[in-house]
Amino acid sequence: LMYNKPAIFEVNPSDKKGIRFHINGGIIEADADNVVSTEHFVVLADVKNGAKTKIALVEHFMAACAFYGIDALDVNVESEGFETPITDGSAKVWAEEFKKAGFLGEPDETKALEAPILFSTGKSSIVLIPSDKTIITYAVNFNHPDLRQRWVSVDPETNADEIIEARTFGYLKDLETYQKMGISLGVNYDNTVGLTDEGYTTDLRSEFEPVKHKMLDIIGDLYLSGFNPLKINAKIIALEAGHGYHLQVARALKRAINS
């Protein structure tokens, strides 16, 4: 895959379980313990080798892998910024590429969650509750007329496309500040839903698309536990959370299922 920013992602199936990013001779395992930053997006690094090599914005790619049951890949990366291409701001492009290439993982054995997992601090909470199927419920309270005290529940088995195609979002008024910080430089009307005082900068792909993007993020983040969250019998309920909280739960999930 080649994009406007000089970047090449060569995605290859592997006989070895796990998703690995190969960059300049270094290897980064897609593992919650290799996450070195969750500010704005998730950054992985080769922690065992001093975190000299990094790859950013992995959550959408990981979510696509989760939806397609892919758990064995070697990804060769050539990029000036060592960042996963934003594509259209969702996991849609990755899903389409996986489908075209025939990257369909083996059916995963469903894992049973024996006891609830809870992470809560301040106004943010995430809980995983044992269930007979996966249901994701996400609550946000944004300063936006459509997204104040908004709860959305989605069954990923029947409404997968609504999550996969949900684009990243942000307040339009904050864009200039972020770009001065050197981030969000690739933002455009196609890959980002801008939140304005009155509504959005673009038509939504589905109702409450920004909340569904939060669901996409939590699926990709929890997959860094080593276990596909869509194959764990649990209701996932998140309240005003984000990548940092997602990763706390991913690490707890990794310990719970491995114990």
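The values are calculated or read from the model by the stated rules, or taken from the named source; none is laboratory data. Please read these numbers as outputs of a predicted model, since none were measured by experiment. Here the Cβ positions follow ideal geometry from the backbone for every residue, glycine too, while neighbour counts run over all protein chains shown. Please note that ligands, DNA and RNA were not included when accessible areas were found on the heavy atoms of the full protein model with its side chains. Shrake-Rupley method; radii C 1.70, N 1.55, O 1.52, S 1.80 Å.
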Worksheet entry | Cα centroid separation, the range 92-124 to the range 5-63 (Å) | 17
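Using only Cα atoms, what Kirkwood radius does the chain have, in angstroms? Before the final figure, lay out each step's value.
Numbers: mean 1/r = 0.0538 Å⁻¹.
After inverting the pairwise mean of 1/r, the radius is 18.6 Å.
How much length is gained if the chain between D190 and H40 is pulled fully straight, taking 0.36 nm per residue apart and subtracting their Cα-Cα distance, in nm to one decimal?
Working: separation 150, 0.36 × 150 = 54.00 nm, distance 1.90 nm.
Gain in length upon complete extension: 52.1 nm.
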Worksheet item: Relative to the present Cα-Cα distance, how much length would full extension add between E10 and N159 at 0.36 nm per residue of separation?
Response: 50.8 nm
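222 nm [θ] for the chain, helices only, -39500 (n - 2.57) per DSSP H run of 4+, per residue, to 500?
That calculation yields -7000 deg cm²/dmol at 222 nm.
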Discussion item. 7 Å from Cα along Cα→Cβ at both S120 and S206: what's the point-to-point distance in nm?
Written reply: 2.9
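So, with a 1.4 angstrom probe, what is the percent of accessible area on the range 47-88 that is carbon and sulfur?
On the way: 750 of 1640 Å².
Looking at the range 47-88 in its full context, I get 45 percent from C and S.
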Worksheet item: Under a straight-distance cross-link criterion of Cα-Cα below 23 Å, which lysines are reachable from K17, leaving out those fewer than 8 residues away in the same chain?
Response: K48, K54, K99, K100, K111, K231, K254
